[in-house]
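These notes concern the structure reproduced below.
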Amino acid sequence: MKVLGIETSCDETAAAVVEDGVKILSNQIASQVDIHARYGGIVPEVASRQHTLAIIPVIQQAMAEANVTWSDLAGIAVTTGPGLAGSLLVGVNVAKAIALAQRLPITGVNHLEGHIYANWLAPNTIDFPAVCLIVSGGHSDLVLMRGHGDYVLLGRTRDDAAGEAFDKSARILGLGYPGGPAIEQAAGKGSASIQLPRAWLKGTSDFSFSGVKTALLRLVEGNKISSEADAAASFQEAVIDVLVTKTIAAAEGHRVKQILVSGGVAANNLLRQRLVQNSPLPVLVPAPLLCTDNAAMIAACGYFRFKAGKVDGLELDVVPGLKLA
Ligand code: KG4
Ligand code: ZN
């Protein structure tokens, strides 16, 4: 069963064809990163305009790469939220137009649930229950997954998301945009020698990353940073220390079988290594290209939604503040 996935929630225009929720037949991504880098962050109006320009060619490329025609598809999965309203609208309207013209069923996918399903796009055996750490530009959530489509929110960030903290701290250090890869690269040339605060929020699975970012800002403002690389390494260490410790504690506390990691920050090598090294439980992390925004994860999630009979009508709409649980 082949599903076309469409993803336009933020600044990547993406389309992919996935078979049976696990096998990637194509995975096309048109990134707007160079355009937004000029502004130091995402400009929503620019993002939606770029999506309208890119979406049709990206879908055509995904269909061609997978060597499929409309009649080979079982359905279309499209991200409905959370994300930027104007960006989401482009993907959802194109998906509905294709569904109508080609008489294909359509299912709306939660972007965060999509991130979790990137873990199915590898030869993994996934056992429930699992604890999912979703760390992206907009979210840092710990979620208990009891089965397909069955989630309990354990904790979330109370202020900045992990990726947001990476992006803001990179800006503070003058390392450019997007901040996650910039910090990781700079950190590779330094050592985590600067003590930065960690918000443990003991007894909860919540996170807080605004304190570490502010501490870094104070040091920069006071001219107390002699090495940007050391500052980047120290920041990265502080964030990852908290993410790893709290994720493992949640997994042990809920006696789950596995830890599933996803979202753009999961592309970070130190986070991946630390989780695998420290966890007594199996840890699954998608390949870096499947951690950041893509449509293969949306198609994978869509397959499991179709299998569960979750088909949406053409009244399907965007929900910019959509929650997972
Ligand atoms: O999942 P994603 O592509 O988009 C959202 O749904 O937000 O995540 C983007 C976030 C950005 O904040 C970016 O800086 C961060 O993921 N990121 C990283 C790395 N690659 C991307 N953070 C840390 N280390 C990385 N290597
Ligand atoms: Zn994302």
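The values are calculated or read from the model by the stated rules, or taken from the named source; none is laboratory data. On a predicted model such as this, the values are computed, not experimentally measured, just so you know. Heads up, the Cβs are rebuilt from the backbone with ideal geometry, glycines too, and the neighbour counts pull from every protein chain shown. These accessible areas exclude ligands, DNA and RNA; they are computed on the full protein's heavy atoms, side chains included. Shrake-Rupley method; radii C 1.70, N 1.55, O 1.52, S 1.80 Å.
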Original post:
What ratio of Cα Rg to 2.2 N^0.38 Å holds for the stretch 61-187?
Top reply: 1.30
Original post:
Rule-of-thumb check for the stretch 229-286: C-alpha Rg over 2.2 N^0.38 Å?
Top reply: 1.13
Original post:
Extension gain Gln185-His254, at 0.36 nm per residue separation less the Cα-Cα distance, in nm?
Top reply: 21.4 nm
Subject >> Centroid-to-centroid separation of the stretch 84-147 and the stretch 11-31 [C-alpha atoms, Å] >> reply: 12 Å
Original post:
Given H placed on each backbone N at 1.01 Å, which residues far from Lys23 in sequence or on other chains put an amide H within less than 5 Å of it?
Top reply: none
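Considering only the other residues whose Cβ falls under 12 Å of the Cβ of Val92, what net charge follows from Lys and Arg at +1 and Asp and Glu at -1?
Numbers: positive: Lys96; negative: Glu7, Asp312, Glu315, Asp317.
Neighbour charge sum, excluding Val92 itself: -3.
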Subject >> Euclidean distance between Cα centres, the stretch 175-211 to the stretch 231-277, Å >> reply: 12 Å
Subject >> Top positive-direction residue, dipole computed over the stretch 89-239 with Cβ charges, set His148, Leu89, Leu104 >> reply: Leu89
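As a test of the definition: which semi-axes, in Å, follow for the stretch 1-113 when you take the square root of five times each eigenvalue of its alpha carbon gyration tensor? Largest first, please.
Numbers: eigenvalues 115, 40, 30 Å².
Values for the stretch 1-113, descending: 24, 14, 12 Å.
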Original post:
Whole-Hz Karplus ³J(HN,Hα) for the stretch 61-74, in order, using 6.51 cos²θ - 1.76 cosθ + 1.60 and θ = phi - 60°, x for Gly and Pro?
Top reply: 5, 5, 5, 5, 4, 7, 6, 10, 10, 3, 6, 7, 8, 8
**OP:** Order the following by accessible area, largest value first: His139, His254. Probe radius 1.4 Å; ligands, DNA and RNA are ignored.
**Re:** His254, His139
Original post:
What net charge is computed for the residues neighbouring Thr245, neighbours being all others with C-beta under 14 Å from the C-beta of Thr245, Lys and Arg scored +1, Asp and Glu -1?
Top reply: 0
Original post:
With the chain treated as a Gaussian network of Cα nodes joined by springs under 10 Å, which of Arg274, Arg218, Arg198 yields the largest mean-square fluctuation?
Top reply: Arg218
Subject >> q = 0.16, 0.18, 0.23 Å⁻¹: log10 I(q)/I(0) that the Debye formula gives for the stretch 200-325, counting C-alpha atoms only >> reply: -1.02, -1.16, -1.37
**OP:** Report ³J(HN,Hα) in whole Hz for each residue of the stretch 99-106, in order, from the Karplus equation J = 6.51 cos²θ - 1.76 cosθ + 1.60 where θ = phi - 60°; Gly and Pro get x.
**Re:** 4, 5, 5, 9, 6, 10, x, 10
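Compute the semi-axes of the equivalent ellipsoid of the chain, taking the square root of 5 times each eigenvalue of the Cα gyration tensor, and list them largest first in whole Å. Could you put the intermediate results ahead of the total?
Details: eigenvalues 227, 105, 50 Å².
The answer is 34, 23, 16 Å, longest axis first.
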Original post:
P(r) for the stretch 176-232: what percent of alpha-carbon pairs falls in each 5 Å bin, starting at zero?
Top reply: 4, 17, 21, 26, 18, 8, 5, 0
Original post:
Once both labels are modelled 7 Å past Cα along the beta-carbon direction, what's the Val152-Ser210 spacing in nm?
Top reply: 2.9 nm
Original post:
How much length is gained on full extension from Gln61 to Asp317, taking 0.36 nm per residue of separation minus their Cα-Cα distance?
Top reply: 89.6 nm
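May I ask you to derive the relative contact order of the stretch 1-142, considering only C-alpha pairs under 8 Å and at least 6 residues apart, and to give it as an integer percent?
Working: 242 pairs, mean separation 36.7, N = 142.
26 percent.
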Original post:
Distance in nm between label sites at Ala74 and Lys202, each 7 Å beyond Cα in the beta-carbon direction?
Top reply: 5.0 nm
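How much area per residue is accessible in the chain when the probe is 1.4 Å and only protein heavy atoms are counted (Å²)? Display every interim value, and only then the final one.
Working: 13480 Å² over 325 residues.
About 41 Å² of surface per residue is accessible.
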Original post:
Using just the C-alpha positions of the stretch 252-325 as equal point scatterers, what log10 of I(q)/I(0) does the Debye formula give at each q in 0.18 1/Å?
Top reply: -0.94
Subject >> Over the chain, relative contact order from alpha-carbon pairs under 8 Å, at least 6 apart, % >> reply: 26 percent
**OP:** Just add up the charged neighbours of Gln102: K/R +1, D/E -1, any other residue whose Cβ is under 12 Å from the Cβ of Gln102.
**Re:** +1
**OP:** Would you calculate the separation in nanometres between label points at Arg38 and Asn223, each defined as 7 Å from the Cα along the Cα-to-beta-carbon direction?
**Re:** 3.5 nm
